[in-house]
Structure formats: C-alpha cells, structure tokens
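Report on the structure given below.
Rule-based calculations on the coordinates, nothing more; no lab input. The model shown is predicted, which means the values in this text are computed figures rather than measured ones. Positions of Cβ are backbone-derived with ideal geometry, glycine not excepted, and every protein chain shown enters the neighbour counts.
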Amino acid sequence: MGDTPTISRRALLRTAALGGAGFALSACHGLAEEESTTAGSTLKIGFVSPRTGPAAGFGEPDSYVLSLARKALAGGLTIGGTKYAVEILDRDGQSNPQRGAQVANDLINGDGVDLMLATSTPETVNPVSDACEAAGVPCISTVVPWEAWYFGRGAKPEDKQAFRYTYHFCFGVEQFHQAYAHLWSQIPTNKKVGVMWPNDSDGNAIRAALGPLLQQEGYTIVDPGAYTSGTNDYSAQIARFKAEGCEIFNTFPIPPDFATFWRQATQQGFRPKIAQIAKTGLFPSQVEALGDIGVGLASAAYWTPTYPYTSSLTKVSSKDLAEGYQNESGKQWNQQLGPSLALFDVAAAALQAVGDPRDRAAVAKAIGTLDVQTPIGRLQWGKGPNGNVVATPILGGQWVAAGAGKYKLDFQLCENSSDPNVPVAAKLKAYGA
C-alpha cells in the first residue's frame, strides 16, 4: 500500500466543500458522453462455421479473420448519428446440421444477435439460414453452391426471391461448368467423366444441373449413382470407371470420403488424366495429407492471394490478407480467408445501410440492395440469379509440388473464365505427368 497517495486534511475539506457541485458536473458530463458514444449500446453479430468435424478445413483461418474483423470494428459503428459498439460471437457448427441449428438458435434466442453470418458447406449454412428465416433475423452466408443453398432449402426455380431474411453469395453450377469446360479442354481426353456425386445437398444440386451442362459440352457422364457420406468401400464405383475407360474424374465429397476413395483408386489402378475435386482438396492441409497422390489433383478456387480486390471494412488487400495469415499462423494461405472476411464487409455495409440497425426487417431488406467491395470482388444484390443470391466466380486450377520455399504445394490458377481480372499462372497438366 506504500504507493497509495496521501490526502491532506485541507484537500479533503476542499473536496468535501465542492462535492455537491463536482458530483453534479461529473454526472452531467458522464451522461453526455454515454449518450454520444454508447447510446446505441451493442450490436451483436453471430458467426457460425465448421471449426471441427469433417469440414474443419474451412474453419482453419477463422481466428485470423475474426481478429481482423474485431480490430476493424473495435471503434464501433456510427449509424444515424448514434454510435454502437459491435460484438462478434463466433460459434463452431461442428460440421453437423443439428449442431448448426442449435448454435444458431442459441445465438438468436440466448444472445439476441442482430445479424447472423454463416459459412462453409450446406451442413452448416443451411440449418443456420433456416433458423434465421424462421426467427426473422437477417443472415448473410457463403461457400455453399448457391443452388444447394437456395433449392436445398425449398425454393423453386420460378421463385424470384424465396426468402425474406436470408441472403447468400457464392459460385453456382454455371461457374463450375465454365471452369471445368475451360480447364478440361487444356488436355486431350476421350471426354468420359466418371462422377462421384454424393446423396446430399451439394451432390443432388450438382447432379441435377451440372451433369446436363457438361453433356452439352460433349462430355459423357458415367454416374454409378449417389453414394452415402461415410462409405468405406468404393470398389464397385472404381471398377465401373475403369470398365468405361473414364479419363476424367469429378467428385464433391467431404474430405474423409475422398481420401478413402482416392487411396482405393490408386491401389486398384484407376488413374484418370484429370482428377477434378470439389468441396475437398480446397486447402493445402487436405492435399498434403494425401501424400504423393495429392500432387497433380485439379481443384478450383473461390479466392486466392492474386485476386486484385480489397476488403472495404479492413482495407486489407488479398495479397496482404494471405501474407498476414501466413506470418501469424505459420500455415499456408487458405482460400477460405477471402469469403470469410467478405462476410464482415457485407455485415458492416448492411448495418450501416439503415437508420436503425436494430430493425431486423429493415436490415434484411437493405441486404437485398447492397453493393459491396470485398476480397472476392464486388458483390451486388439485385443482379441475379435471384433476389437472395449473388453468384460469384470460381476458377479452375491445380495442386503442384512447390519449387522452393517453406511449403510443399502450390495452387496454380489455370483458367479465369468467370473473372478475367484474376491472372492465370499455368496450364493444366495431366495427373501424374
């Protein structure tokens, strides 16, 4: 206690004499300051992603993205002359629809979030979106092919805007079609495509829409039928692909399923010229886990460090976003960085687009008219394919052995059909070449 200042008797009496006036002035000043800086109290943003479970690769960069968003929002948002503090409440959907719905309802009913964000696969995003639509809470989501999000939640093709509170930005079947058509044509093949499309929202949307588009391009689709996630033996499918002479392979599985299939395919002698994977093989950690048989896999990217775009909220460029993540985490850049940060660009724009950010209906309506600059490009609602969705690019590329540096693999973009502003780095090479 030796550091405690000594108060003299004279000072104590002077303080007492001025006490009433001093307290009154202090109280008035405090009230004025509170009114100007915290009268709007705190806006709460929920963020749900798969941090654990089969889709955990999507959640790898969450901590870094959340740190950027929290730093950018640390000073709050001034909306309609009122300054609001902003709190981000992040939750793990555990790659499980039931868990996703549970954490969404907890954020809505327990924490009272004003706006919800969700990302990565229908197993997480769709139940969160459904919970928000039912509760009347505005929600913005990404990284689910938009058809799997829109039609997978009950919308019909003729619906111009099926949902009132839930909005989405992501690539769709047409972007996959363009990427595959421009990528696969770089290697001579017999155009026979063996497909492994699962019995889930992604697989069903792809089977219904992508298959016919590829057939229009002259490809023959060899489809042994929808399979159940978690299947352990793919011998029948592999035998079919070999018998049909498929030189191209395409699949949309969860990561464990692809790892099982690809190891069995290698053991059983199925070696297509092009092995095109989606939903898995997006991130370096997933491909590295396969060892040598991961090198040469074709994949696609919805963001890379070479995207020439910047976050409107954080002012961080795509290049700096990747470098910052690598420096802080020690891990290689992950394409989920771009759309996850884009969610917060859209969130800030949505809350600032209305006079009262607590008016959920007004915020939801405003999302449908937003025009926002993000790391994945400019997002403009109202341009189609429907009122709830912005279709974003996905570009074809390939995992190759890194020539130098600390990382084992590089992802090279080989086509840019859905966004010519992004540079192409190389031409596709045959798997195993």
Query raised in the report: Where does the charge balance sit around PHE252 when Lys and Arg score +1, Asp and Glu -1, over other residues with C-beta under 14 Å from its C-beta?
Result: -4
Query raised in the report: Once Lys and Arg get +1 and Asp and Glu get -1 on their Cβ, which of ALA155, PRO138, PRO420 lies farthest toward the positive end of the dipole of the chain?
Result: PRO420
Query raised in the report: Relative to the first principal axis of the alpha-carbon coordinates of the chain, what is the inclination of helix 255-267, with its axis defined by its Cα atoms, in degrees from 0 to 90 and to the nearest 10?
Result: 20
Query - Distance from region 57-88 to region 132-177 (C-alpha centre basis), Å - result: 24
Query raised in the report: Taking the chain as a Gaussian network, where each spring joins two C-alpha atoms under 10 Å apart, which residue of ASP410, ASP90, ASP62 fluctuates the most?
Result: ASP410
Requested in this report: List ARG51, ARG164 from most exposed to least, where exposure is judged by having the fewest other Cβ atoms within 10 Å.
Outcome: ARG164, ARG51
Report task. Return the percentage of antiparallel bridges among DSSP beta bridges fully within the chain, rounded to the nearest 5 %. Result -> 35
Requested in this report: Take the alpha carbon atoms of region 270-285, find their center, do the same for region 369-416, and report the distance between the two centers in whole angstrom.
Outcome: 17
Query - Dipole magnitude (debye, nearest 20) for the chain, charges at Cβ of Lys, Arg, Asp, Glu - result: 460
Requested in this report: Among GLY387, PRO375, GLY110, flag the residue with its Cα farthest along the positive direction of the charge dipole of the chain, charges on Cβ as +1 for Lys/Arg and -1 for Asp/Glu.
Outcome: PRO375
**Report entry** Between helix 337-352 and the chain: long-axis angle, C-alpha atoms, 0 to 90°, nearest 10
**Finding:** 40
Requested in this report: Using the structure shown, list the pairs from LYS191/LYS242; LYS273/LYS406; LYS273/LYS408 with a Cα-Cα distance above 19 Å, or answer none.
Outcome: LYS273/LYS406; LYS273/LYS408
Query - Estimated vicinal HN-Hα couplings, Hz - region 293-298 in sequence order (Karplus 6.51, -1.76, 1.60; Gly, Pro = x) - result: 6, x, 5, x, 5, 8
Query raised in the report: Which order, highest average first, do 416-423, 169-176, 119-126 follow once you tally other Cβ atoms within 10 Å for each residue and take the mean per peptide?
Result: 119-126, 169-176, 416-423
Query - Amide H contacts of MET196 (H built 1.01 Å from N, under 5 Å, at least 5 apart or other chain) - result: ASN250, THR251, PHE252
Requested in this report: Relative to the longest principal axis of the C-alpha atoms of the chain, give the angle of the C-alpha long axis of helix 173-184, reported between 0 and 90° and rounded to the nearest 10°.
Outcome: 50
Report summary line: As straight-line cross-link partners of LYS315, the qualifying lysines (C-alpha separation under 27 Å, not fewer than 8 residues apart within one chain) are LYS44, LYS71, LYS83, LYS331, LYS365, LYS383
**Report entry** Candidate values (i) 21.2, 72; (ii) 23.5, 77; (iii) 25.5, 101, label of the one derived for Rg and Dmax of the Cα atoms in Å
**Finding:** (iii)
Report task. For the chain, build the charge dipole from Cβ charges (+1 Lys, Arg; -1 Asp, Glu) around the Cα centre, then report which of ALA301, ILE254, TRP399 sits farthest towards its positive end. Result -> TRP399
